[in-house]
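Engineer: What follows is a structure written as structure tokens; I'll ask about it next.
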Amino acid sequence: MKKSGILNKALMTAIADMGHTEIMVVGDVGVPIADQAKRIDLAISENLPSVQHVLELIMNEMIYEKVVVAEEQKLYNPNHFKAVSRLSDRCRVETVSHEELFDTYLKKAKYIVRTGGFEPWGNIVLTAGIDAPKWFQKDGVVTPDYYEERASYDK
């Protein structure tokens, strides 16, 4: 039996299945889930589990290199945006329009994790990364400029 962290088998399997640049969305209870995406439905009741709690657990288990939310989250749900930004210790949180988030990222998502969160503009896009320090901090390997920040990450 797993000791701590994420105990849900489907969610742990999904995290282990993510490859570089693939997308996982952590969504609120109303997130639309496209046919091609794999649904992991964790919703039990209102705000159980919350978007932020599930996001924190996933971020502790998954190597991500990009976090994207709707610009409307930053404007109209600033407390949630601040919480997401605090949790994202590998990179800054980027914003796109709510429409672009739905039209682009939801359609490309490999997995969509539905929470019980009633969180306006609550959806978060995570793009899987690589453990850059392990890839680039080796003798004879030159780190490209665009990987420098990720390769110096030490957590």
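The values are calculated or read from the model by the stated rules, or taken from the named source; none is laboratory data. Bear in mind that the values here come from a model prediction, so they are computed numbers and not experimental data. Note: ideal-geometry Cβ built from the backbone for every residue, glycine included; neighbour counts use all protein chains shown. Ligands, DNA and RNA are excluded from the accessible area calculation, which covers all protein heavy atoms including side chains. Shrake-Rupley method; radii C 1.70, N 1.55, O 1.52, S 1.80 Å.
Engineer: Which of the pairs Lys82/Lys107; Lys3/Lys138; Lys9/Lys110; Lys66/Lys108 have their Cα atoms more than 22 Å apart in this structure?
Structural biologist: Numbers: Lys82/Lys107 26 Å; Lys3/Lys138 32 Å; Lys9/Lys110 17 Å; Lys66/Lys108 14 Å.
In this structure, Lys82/Lys107; Lys3/Lys138 lie more than 22 Å apart at Cα.
Engineer: Follow-up. How much of the DSSP beta bridge set in region 57-155 is antiparallel, as a percent to the nearest 5?
Structural biologist: Percent antiparallel among DSSP bridges in region 57-155 is about 55.
Engineer: What's the magnitude of the charge dipole for the chain around its Cα centre, counting Lys and Arg as +1 and Asp and Glu as -1 at the beta-carbon? Answer in Debye, nearest 20.
Structural biologist: Working: 19 positive and 23 negative charges, 108 e Å.
Computed charge dipole of the chain: roughly 520 debye.
Engineer: Which residues does the label zone of Ser45 cover in region 98-119, counting backbone N under 19 Å from a point 7 Å along Cα→Cβ?
Structural biologist: Counting backbone N atoms under 19 Å from the label point, the list is 115-119.
Engineer: Please give the per residue accessible area of region 33-86, computed with a probe of 1.4 Å over protein heavy atoms only, in Å².
Structural biologist: 55
Engineer: Moving on. For region 111-151, which trypsin sites (Lys or Arg not before Pro) pass both filters: DSSP loop (anything but H, G, I, E, B) and at most 11 other C-beta atoms within 10 Å?
Structural biologist: When the trypsin sites (Lys or Arg not before Pro) of region 111-151 are filtered for loop state and at most 11 Cβ neighbours within 10 Å, Lys138 remain.
Engineer: Here's another thing I want to ask about it. Suppose we look only past 21 Å in the calculated P(r) of region 1-106. What percent of the Cα-Cα pairs does that tail hold?
Structural biologist: 36
Engineer: Quick one: which residues, 5+ away or cross-chain, put their amide H under 5 Å from the amide H of Asp41? H built at 1.01 Å from N.
Structural biologist: Correct list: Arg114.
Engineer: Given the -39500 (n - 2.57) contribution per DSSP H run of 4+ residues, what per-residue ellipticity at 222 nm results for the chain, rounded to the nearest 500 deg cm²/dmol?
Structural biologist: Only helices count here, giving -7500 deg cm²/dmol.
Engineer: Next question. Working out 0.36 nm times the residue gap between Leu7 and Glu22, then minus their Cα-Cα distance, what length gain in nm do you get to one decimal?
Structural biologist: Roughly 3.2 nm would be gained on extension.
Engineer: Dividing the Cα radius of gyration by the Kirkwood radius, what Rg/Rh value follows for region 64-107?
Structural biologist: On the Cα set of region 64-107, Rg over Rh gives 0.97.
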